[in-house]
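Step one of this worksheet: look at the structure below.
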Amino acid sequence: MADSPPSFLKLTDTDQVRSVIGIDSTDVNNTQICDMKPEEDLESSLLSWVPTYQTVISEGAAAAATDAQKLKYLKLKLFSKYFIAGMVVSGGWNSILQKQSDGANEAVRFTNVSLRELKKDIEDRASKLQEELLNLIVPDTAEAYSQFGAVSPAYDPVTNV
């Protein structure tokens, strides 16, 4: 039986992070990811914009969680996965195989992918998830604003009133 991959704040793990990037454990192993201390960066980020993240986790993971609580929890998990994946791409430039040859054999991977673009895409996804989660926790007041309405003039030229 294989060991469970290292988990970060019980929101994501190394296997999920690698899957976002499209790599496997031979490209970037668990130790390389864990040595970056992504849990500290993730917790620091969460405490700055959603200090109640632990409540979101406990409510969303509960058996009797409402759909709204589950949605917040899922958005938090997704944000965490993409946030840490962005860190791995930033910190693992040299460990992600692009082209390797020993003269007789050659391995090519990610040759048509710009790691900078990949990092930007991952960080954009994390940012979008962060915004969605914030809107769930503190609903945006602009959404309640309606651009449609009825106007009643003070003077009616037909009835002259």
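Structural remarks
- Residue pairs meeting the criteria (Cβ under 7 Å; at least 6 apart or on separate chains; first free of Cβ contacts under 8 Å to residues at least 60 places away in the same chain and more than 14 Å from Ser7 (Cα to Cα), in the range 19-33; second surrounded by 14 or more Cβ atoms within 10 Å (Cβ to Cβ) and of a type in the set (Lys, Arg)): Asp24/Arg18; Ser25/Arg18
- Residue identified as in a helix (DSSP H, G or I) and surrounded by fewer than 16 Cβ atoms within 10 Å (Cβ to Cβ) among Ser4, Ser44, Ser25: Ser44
- Residues of the range 21-33 that turn out to be within 14 Å of Lys81 (Cα to Cα) and either under 14 Å from the mean Cα position of the chain (by Cα) or of a type outside the set (A, V, I, L, M) (or both), as a count: 2
For every residue, the table says whether it meets (1) modelled with pLDDT of 90 or more; (2) out of contact with any Leu (no Cβ under 7 Å at 6 or more places or on another chain).
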{"position": "Ala64", "(1), (2)": "yes, yes"}
{"position": "Ser80", "(1), (2)": "yes, no"}
{"position": "Trp93", "(1), (2)": "no, no"}
{"position": "Val108", "(1), (2)": "no, yes"}
{"position": "Val113", "(1), (2)": "no, yes"}
{"position": "Lys128", "(1), (2)": "yes, yes"}
{"position": "Ile137", "(1), (2)": "no, yes"}
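The values are calculated or read from the model by the stated rules, or taken from the named source; none is laboratory data. On a predicted model such as this, the values are computed, not experimentally measured, just so you know. Every residue, glycine among them, receives a Cβ derived from its backbone with ideal geometry; neighbour counts consider all protein chains shown.
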